[in-house]
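J.: Below is a structure I'd like to ask you about.
The values are calculated or read from the model by the stated rules, or taken from the named source; none is laboratory data. Please read all numbers here as calculations on a predicted model, not as lab measurements. Counting neighbours? That spans all protein chains shown, and the Cβs are built from the backbone with ideal geometry, glycine included. We work out accessible area using only protein heavy atoms, side chains counted, and drop any ligands, DNA or RNA first. Shrake-Rupley method; radii C 1.70, N 1.55, O 1.52, S 1.80 Å.
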Amino acid sequence: MTDYELIRVALEARELAYTPYSHHKVGAALLAKNGQVYKGCNIENAGYTPTNCAERTAVFKAVSEGVKDFAAIAVVGGMDDLKNLPICAPCGVCRQVLNEFVDSNEFRVLLAEVDGVDNLKAIQDSDIRISEFTLEALLPLGFGPNNLQM
Ligand code: THU
């Protein structure tokens, strides 16, 4: 799976975002070390706080199926009428949830600006500009499972 392919899976996942309140649609594609890819979208709620982000949807799907070793996540997001997506970086809660399961110095976070989102099938690799970060860069000095070891 190439980085561009992973971004395309995130774009597909974004199509299913449930966003009647914010109209901000996010898609995530979480690549497990076993090669499996878990898709996630944001799922909003009339109570607002129960809203789940795309990244956490993907993580919870994987972990609930027994998969906890991850190599990378691709994230795309933007308002639902946009034809060109800006970069959408994971929120603090999602960074923390990812930090529970990965080595933050190795885990890759792929964020993409994408042109032509109104016609997903026509998107070329040249329409996708990827910025790559480690989780450590996005969550420096993160609190994690190691802090709770005796
Ligand atoms: N959202 C995500 O799903 N992931 C992010 O990385 C940022 C924000 C969602 C939550 C909410 O449904 C909407 O975007 C606006 O905050």
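J.: Taking E65 as the residue in question, decide whether it is part of a loop (DSSP other than H, G, I, E, B), over 10 Å from the mean Cα position of the chain (by Cα), of a type outside the set (G, A, S) and within 23 Å of Y18 (Cα to Cα).
T.: On the way: part of a loop (DSSP other than H, G, I, E, B): yes; over 10 Å from the mean Cα position of the chain (by Cα): yes; of a type outside the set (G, A, S): yes; within 23 Å of Y18 (Cα to Cα): yes.
Against the criterion (part of a loop (DSSP other than H, G, I, E, B), over 10 Å from the mean Cα position of the chain (by Cα), of a type outside the set (G, A, S) and within 23 Å of Y18 (Cα to Cα)), E65 qualifies.
J.: Looking only at residues in region 31-56 that are touching a Lys or Arg at 6+ places or on another chain (Cβ under 8 Å) and open to solvent by less than 30 Å² (accessible area, probe 1.4 Å), which one is farthest from V67 (Cα to Cα)? Outline the logic, then answer.
T.: Within region 31-56, the first condition is being touching a Lys or Arg at 6+ places or on another chain (Cβ under 8 Å), and the residues that meet it are 38-42, 54.
Still in the running and open to solvent by less than 30 Å² (accessible area, probe 1.4 Å): 38, 40-42, 54.
Values: Y38: 10, G40: 15, C41: 18, N42: 20, A54: 17 Å.
Per the criteria, the residue is N42.
J.: Examine region 92-100 for a residue that is at pLDDT 95 or above and in a loop (DSSP other than H, G, I, E, B), and state whether such a residue exists. So that I can check it myself, show each step before the final result.
T.: Start the filter on region 92-100 by keeping residues that are at pLDDT 95 or above, which leaves 92-100.
So of that shortlist, the ones also in a loop (DSSP other than H, G, I, E, B) come out as 100.
There is at least one residue in region 92-100 that is at pLDDT 95 or above and in a loop (DSSP other than H, G, I, E, B).
J.: Sticking with this structure for a sec: Out of V26, V63, V114, V102, report the one residue that is within 13 Å of the ligand (Cβ to nearest atom) and in contact (Cβ under 8 Å) with a residue 12 or more places away in the chain. Before the answer, list the steps.
T.: Values: V63 fails: within 13 Å of the ligand (Cβ to nearest atom); V114 fails: within 13 Å of the ligand (Cβ to nearest atom); V102 fails: within 13 Å of the ligand (Cβ to nearest atom).
From the options V26, V63, V114, V102, the qualifying one is V26.
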